[in-house]
């Protein structure tokens, strides 16, 4: 089967198997893989690393704007870097888990990261996207 442009969105609650299903599907489709939740976790790690108060939305947005988040889209070896530093393990830690909702609730953070996600999606011929805010059309 030959697939032209193909974007698959996988959403669901935490712990529901999204990552496993998404990676396997990406591999089966010979597609890229994008974990949008990892992007929010990376932004949160950067905010915490900068020592920003989670109630200071302006400071949170400034950190996110000033932070280079690089996400690898290989389903077999997904990677995440913040300003060139690998943070795959760090973004899954309890401190980030406790703070990610507060950071991702900031409207400008969502806007910035959704824009980046759309760029990644547009650059891929085939991609499986896991997480939130992905059911929207990337052309919007």
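Where a number appears in this text, it was derived from the coordinates with a stated rule and is not lab data. Since the model is a prediction, treat every value here as computed from it, not as a measurement. Using ideal geometry, Cβ is built from the backbone for each residue, glycine included, and neighbour counts are taken over all protein chains shown.
Averaging Cα coordinates gives a centre for the stretch 68-83 and one for the stretch 1-55; these two points are 10 Å apart. Contact order for the stretch 6-130, expressed relative to its length and based on alpha carbon pairs under 8 Å spaced 6+ residues apart, stands at 42 percent.
In a fully extended conformation the segment linking residue 119 and residue 6 would gain 39.2 nm over its present Cα-Cα distance, using 0.36 nm per residue. For the stretch 1-66, the relative contact order comes to 17 percent (Cα pairs under 8 Å, sequence separation of at least 6).
Inter-label distance, residue 126 to residue 27: 1.5 nm, where each label sits 7 Å from its Cα along the C-beta direction. The sum of -39500 (n - 2.57) across all DSSP H runs of n ≥ 4, divided by the residue count of the chain, sets its helix-only mean residue ellipticity at 222 nm to -14000 deg cm²/dmol. Model label sites at residue 86 and residue 99, defined 7 Å from Cα along the beta-carbon direction, differ in position by 2.3 nm.
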